[in-house]
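The values are calculated or read from the model by the stated rules, or taken from the named source; none is laboratory data. Remember, predicted model here, so these are calculated numbers, not experimental data. FYI the Cβ positions are ideal-geometry reconstructions off the backbone, even for glycines, and counts take in every protein chain you see. For accessibility, only protein heavy atoms count, side chains too; no ligands or nucleic acids. Shrake-Rupley method; radii C 1.70, N 1.55, O 1.52, S 1.80 Å.
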Amino acid sequence: MQPKLLSLIIPVYYEEEVLPTSYQRMDSVMRSIGLPYEILYINDGSRDGTMRILRDLAKAHPEVKVFSFSRNFGHQIAVTCGMDHAKGDAMIIIDADLQDPPELIPKMVQMWQEGADIVYGKRLQRKGETLFKKLTAAVYYRVLSSMSAYPIPLDTGDFRLLDRKVANVFLKMREKARFLRGMSAWMGFEAVPLEYVREERAAGHTKYTLKKMLSLAADGILNFSATPLELPLFFGVALGVLGVLGAIAMIVCTAVFGTACPQWLWLAVGFSFLLAVLFGFQGIQGFYLGRMYDELKDRPLYILAEELNTDR
Ligand code: UDP
Ligand code: MG
């Protein structure tokens, strides 16, 4: 039997400062595992010296494969490109900046050999990140998991190992707005956390601008929760209840007390009912839209984790 091949997938965007050290550390860790490996670099449209370094690496080391985008397509797409081209029996996704320590990879591989389909890095602590980033990330992941139908583990990033069978399902999901950690949660499989302390960037600065972060955050919520689309229905129902209460108040004051209702109550009840109908129908449209969106994403109906006594 052929020994298992490992594929290390590394998206890079303006990483000339960190790449040389990063390659050295990644390569020596991969070598220490004792299995054949390939390292796939995806240049996500960097215009600095990144490509020059990658060309030199590829020339010197046949196991280094390089894919270079025509422009910046974004981190999640770069990782997808790496997975498209990886040949390994397991794929490990890691950032170039050494924030996720490559020294954890042998442990991930061991957990995979012991049967885990997905081993995901779970951040116990994030060093060298701004309080703003830590705080927004902590709140975001908690909001997301409360909204998502498929629990996305808290405090995880894209640092993870995927078995080939998981990666194959992944590659069938061609949705354009990609939120990999959510897709991974949606797929299921035997996912095991590996806790670690996220280090400071070894060199350079973050390539995730606020705009990129917000857009990723939006992809996470919009792709994994239909709640925002359905919200108007809840407003509609709440306003309907308010309208009914107002109507009861009107009946009580005319029938029981025999006094004329104040003008504003008529108006308030009328408005409540009108808005209840509008919001209600908008919410119902949201349900249909959510369904259409689901159909458009065209994810597989089901995913087999195992088959026994079948012909295949
Ligand atoms: N990256 C990328 N395309 C982008 C932004 C980032 O390929 O548009 C890469 C980057 O080179 C790094 C990884 O994605 O290897 C994570 O980016 P970064 O470290 O800047 O994000 P942070 O850790 O600050 O969230
Ligand atoms: Mg980083």
Among Leu54, Gln2, Phe170, the residue whose Cα sits farthest towards the positive end of the charge dipole of the chain, when +1 is placed on the Cβ of each Lys and Arg and -1 on the Cβ of each Asp and Glu, is Leu54
Could you grab the relative contact order for the chain? Cα pairs under 8 Å, six or more apart, rounded to a whole percent. 17
I'd like the carbon and sulfur percentage of the solvent accessible area for the chain, probe radius 1.4 Å, heavy atoms only, ligands and nucleic acids excluded. 63
In whole Hz and in residue order, list the ³J(HN,Hα) couplings for the stretch 190-204 that follow from phi through the Karplus curve 6.51 cos²θ - 1.76 cosθ + 1.60, θ = phi - 60°; x for Gly and Pro. 7, 9, 10, x, 10, 7, 7, 9, 7, 7, 6, 4, 6, 6, x
Given DSSP loops and a limit of at most 10 other Cβ atoms within 10 Å, what is the longest stretch of the chain that contains no such GluC sites (Glu not before Pro)? 115-305
Exceeding the 30 Å Cα-Cα cut-off - candidates Lys122/Lys211; Lys211/Lys297; Lys127/Lys165; Lys127/Lys297; Lys207/Lys297; Lys87/Lys297: Lys127/Lys165; Lys127/Lys297
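Placing unit charges on C-beta atoms (Lys and Arg positive, Asp and Glu negative, everything else neutral), compute the dipole magnitude of the chain about its Cα centre in debye, rounded to 20.
It comes to approximately 520 debye.
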Dipole of the chain, positive end: most advanced residue of Thr310, Phe224, Asn72 [Cβ charges, Cα centre]: Asn72
Heavy-atom surface of the chain, accessible at 1.4 Å and reported per residue (Å²): 55
Where the only charges are on Cβ atoms (+1 Lys, Arg; -1 Asp, Glu), what is the dipole of the stretch 161-261 about its Cα centre, to the nearest 20 debye? 580
Quick numbers on the chain, Rg and Dmax over C-alpha atoms in Å, give 25.8, 95
Tell me, how many Å apart are the Cα centres for the stretch 7-78 and for the stretch 138-209? 20
Karplus 3J(HN,Hα) series, Hz, for the stretch 162-171 with 6.51 cos²θ - 1.76 cosθ + 1.60 (x for Gly, Pro): 10, 5, 3, 5, 5, 4, 4, 5, 3, 6
Helix-only estimate, please: 222 nm mean residue ellipticity of the chain, summing -39500 (n - 2.57) across DSSP H runs of length 4 or more and dividing by its residues, to the nearest 500. -16500 deg cm²/dmol
